[in-house]
Amino acid sequence: MSYDNIPARIEAFRDEMRKAGLQAVILPRTDPHLSEYISSHWHIVRYLSGFSGSAGTMVITLDEALVWTDSRYFLQCAAQIEGTGIILMKDGLPETPSVTEYLIDRLTEGDTVGLNGLLMSIADTADLAERLNAAGLNLRVDFDPIDSVWPDRPAMPADKIFIHDEKYSGESASSRISRVLEEVKKAGADTYFTAALDEIAWMLNIRSNDVHCSPVASAFLYVSPAGSTLFVDSAKLTTETEAHLSKTEVSAIPYTSLTDRLPVIAADDTVLLSTTSASGAIENLLKGHSVIAPSPVAMLKAVKNQVQIENIRNSHIRDGVAMVKSLIEIEKAVAEGRRITEMDVADILLDNRRKGNLFYDLSFDSICGFGPNGAIVHYTANPESNATITKDNLLLIDSGANYLDGTTDITRTISIGTPSEDMRHDFTLVMKGHIAIATAIFPEGTRGAQLDAMARMPLWKEGKSYLHGTGHGVGFFLNCHEGPQSIRLNDTLAPLTPGMLTSNEPGVYLADRYGIRCENLVLTIPHSETEFGRFYAFETITLCPFDRTLFDTSIMTAEEIEWVNEYHAHVRDMLSPSLDTSEKEWLESATRPLD
């Protein structure tokens with residue numbers, strides 16, 4: 001995709017706004033499935049701004065264009081929109097107004113804001129309409145002129161759907177639909193509609209390749225005790241998948257028939273709609289016979305069954321082997337003085353993961369940032385930014401894969417050459433926070449927000465911090481990011497429950513110097529039961545050594561040193577059987593006990 005002539009693209013969009021009588025338009029960076037990761041067909045914000053991050057909202061008025069994004073993308077967005085005239089709005093900072101606040105401040109009473117209503121959740125649409133109306137502004141939710149201003153817009157994805165075998169998922173699609181309908185009934189509804197691609201993939205045990213690095217299929221699903229309906233392009237179905245859907249009592253009808261057919265199919269039912277898996281436009285279609293409630297799928301999907309848990313452990317052994325082989329290869333290239341770049345590192349990671357059994361795809365584009373680039377939280381190297389790995393700085397590697405039997409996500413910060421005392425000090429502060437989460441014991445009902453400060457405290461004590469969350473839920477051969485649980489300062493209200501897989505990834509980022517992040521995935525497990533109730537803990541699942549040269553043991557407790565040594569011994573025990581002699585020797589050295 002070319003990012004030339006961004007101002008001309010915005011001006012063409014404004015022409016459509018003028019024709020429609022709109023003074024402002026909101027463009028959420030999502031799709032009709034409210035996805036974090038989207039197919040090329042829905043990269044509207046990228047086309048109109050050049051910003052390629054996974055989180056952002058664009059607003060175009062008749063005289064300004066702005067992009068709101070969070071702290072992960074401040075540096076990236078600033079670089080990508082430079083010279084376009086677009087204004088970066090740093091979401092989450094006290095001085096930054098929200099999109100709604102900005103519109104209320106800039107527009108005049110009687111003005112109209114446009115939006116494609118399929119691209120905004122029920123809750124956000126309702127909140128936006130209420131606040132705009134209170135300020136004398138109007139909201140129009142049927143504005144979608146993008147085809148007229150994007151002449152070479154990519155087509156909707158057409159990849160075939162395939163079945164995810166029960167030996168990996170551990171449960172049939174019929175069983176999952178039945179469990180979902182039980183939750184729907186508890187919420188006072190008869191049926192459930194979802195646009196969330198990961199929910200559909202999970203419920204039906206199907207996968208596809210419609211979204212980069214997310215094995216999902218573009219579809220909508222209406223779940224009913226009388227038989228369910230999948231809105232999907234028929235070209236995506238094979239004889240095998242058609243038989244699978246039929247066995248599960250799911251009928252398939254065209255994807256594009258949603259707005260016409262859904263009101264007819266659901267006419268006699270009370271439909272549960274989730275604020276996170278259905279848009280405001282869908283609520284309008286079903287107005288009068290829908291119930292708004294939390295997703296009945298999110299918690300069921302997040303709590304992995306025993307078959308999945310065993311598969312997750314196996315996939316992480318193979319992923320750990322791939323990581324060790326990659327680290328050896330990177331270290332050797334640097335030691336021999338061969339030129340190696342950030343993009344080369346990403347290629348090495350992909351090549352070693354591809355050699356593992358059951359590999360399907362990356363779970364996200366690898367983040368390989370050397371020196372200052374490592375301080376860009378969600379940095380992706382490109383030919384213009386691609387730095388050569390030299391000596392005496394840090395290389396941050398955040399990568400992962402989707403295997404048929406699990407999803408991985410790991411970050412390691414490694415020293416190239418001799419690390420400075422500041423680097424070692426900052427790395428150890430981050431690891432102290434990481435260990436605090438890894439060793440946490442907490443009562444039933446605890447939410448991630450109640451643990452988050454434990455990861456930040458070592459940094460906070462020195463006036464340092466990081467602006468992203470400490471942990472996110474991870475899918476099973478699905479999206480790398482999933483809810484409902486997280487570990488972050490703002491509370492998502494979902495309790496950490498045995499069977500949940502969550503990341504543990506504190507960090508610190510010093511602009512123009514280096515970035516540090518240390519990430520493992522942790523599984524919530526039962527710990528004990530006392531007179532005060534049940535208590536849970538975390539089992540660390542990821543298997544890969546941390547860089548021993550970066551630990552400053554003078555600021556670590558004996559318990560923290562013991563944790564690192566025990567973790568490294570476990571990594572060595574689990575990975576050594578899959579390594580050759582020289583690789584075992586490298587791992588033996590990399591996992592030596594800290595002094």
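The values are calculated or read from the model by the stated rules, or taken from the named source; none is laboratory data. Quick caveat: nothing in here was measured; it's all calculated off a predicted structure. We place every Cβ from the backbone using ideal geometry, glycine too, and count neighbours over all the protein chains shown. The accessibility values were calculated without ligands, DNA or RNA, using every heavy atom of the protein model including side chains. Shrake-Rupley method; radii C 1.70, N 1.55, O 1.52, S 1.80 Å.
List of remarks:
- Number of the exception - LEU139 against (1) open to solvent by less than 70 Å² (accessible area, probe 1.4 Å); (2) under 25 Å from ARG18 (Cβ atoms); (3) touching a residue at least 60 places away in the same chain (Cβ under 8 Å): (3)
- Of all residues making up region 419-448, the number that are closer than 21 Å to ILE541 by Cβ and of a type in the set (S, T, N, Q): 2
- Odd one out for HIS468 among (1) within 27 Å of ALA558 (Cα to Cα); (2) within 17 Å of the chain's Cα centre (by Cα); (3) open to solvent by 10 Å² or more (accessible area, probe 1.4 Å): (1)
- Filtered residues of region 445-455 (kept if part of a helix (DSSP H, G or I) and crowded, with 16+ Cβ neighbours inside 10 Å): GLY448, ALA449, GLN450, ASP452, MET454, ALA455
- Selection from region 395-440 of residues that are among the acidic types (Asp, Glu) and touching a strand residue (DSSP E or B) at 6+ places or on another chain (Cβ under 8 Å): ASP398, ASP409, ASP426
- In region 338-366, the qualifying residues are those that are buried (at least 22 other Cβ atoms within 10 Å of the Cβ) and of a type in the set (D, E, K, R), and the one that is farthest from TYR514 (Cα to Cα) is ARG353.
- Every residue from region 480-516 that is open to solvent by 30 Å² or more (accessible area, probe 1.4 Å) and touching a Phe, Trp or Tyr at 6+ places or on another chain (Cβ under 7 Å): PRO498, TYR509
- Residues that are touching a residue at least 60 places away in the same chain (Cβ under 8 Å) number at least 2 in the following strands (runs of 3 or more DSSP E) confined to region 456-528: 482-487, 501-504, 507-510, 514-517.
- Taken as a whole, the condition of being of a type outside the set (Gly, Ala, Ser), within 28 Å of the chain's Cα centre (by Cα) and outside any helix (DSSP H, G or I) applies to TYR536.
- Among (1) open to solvent by 10 Å² or more (accessible area, probe 1.4 Å); (2) under 20 Å from the mean Cα position of the chain (by Cα) - the single one GLU519 does not satisfy: (1)
- Hits in region 151-174 (condition: open to solvent by 40 Å² or more (accessible area, probe 1.4 Å) and closer than 20 Å to ALA302 by Cβ): GLU166
- Test for ASP127: is it part of a helix (DSSP H, G or I), without any contact (Cβ under 8 Å) to a residue 24 or more places away in the chain, loosely packed, with under 15 Cβ neighbours inside 10 Å and acidic (Asp, Glu): no
- Filter result for the condition that a residue is in contact (Cβ under 8 Å) with a residue 24 or more places away in the chain, in contact with a Gly (Cβ under 7 Å, 6 or more places away or on another chain) and closer than 22 Å to THR591 by Cα, over ALA322, ALA298, ALA302: ALA322
- Pick from region 522-544, criterion open to solvent by less than 10 Å² (accessible area, probe 1.4 Å) and of a type outside the set (A, V, I, L, M), ranking: farthest from GLY445 (Cα to Cα): CYS544
- Elements of type helices (runs of 4 or more DSSP H) contained in region 14-123, each with 3 or more residues being in contact with a helix residue (DSSP H, G or I) (Cβ under 8 Å, 6 or more places away or on another chain), under 25 Å from ALA155 (Cα atoms) and open to solvent by less than 40 Å² (accessible area, probe 1.4 Å): 44-49
- VAL291 passes every criterion in (1) among the hydrophobic types (A, V, I, L, M, F, W, C); (2) crowded, with 19+ Cβ neighbours inside 10 Å; (3) in contact with a Gly (Cβ under 8 Å, 6 or more places away or on another chain) apart from (2).
- Index of the failed condition, ALA322 passing every other in (1) of a type in the set (A, V, I, L, M, F, W, C); (2) under 21 Å from LEU501 (Cα atoms); (3) open to solvent by 40 Å² or more (accessible area, probe 1.4 Å): (3)
- LEU396 within 18 Å of GLY515 (Cβ to Cβ) and touching a Lys or Arg at 6+ places or on another chain (Cβ under 7 Å): yes
- Qualifying residue in region 307-317 (condition: part of a loop (DSSP other than H, G, I, E, B), open to solvent by less than 50 Å² (accessible area, probe 1.4 Å) and out of contact with any Gly (no Cβ under 7 Å at 6 or more places or on another chain)): no
- Tally of residues being assigned to a loop (DSSP other than H, G, I, E, B) and either without any contact (Cβ under 8 Å) to a residue 12 or more places away in the chain or under 13 Å from TYR192 (Cα atoms) (or both) across region 215-266: 5
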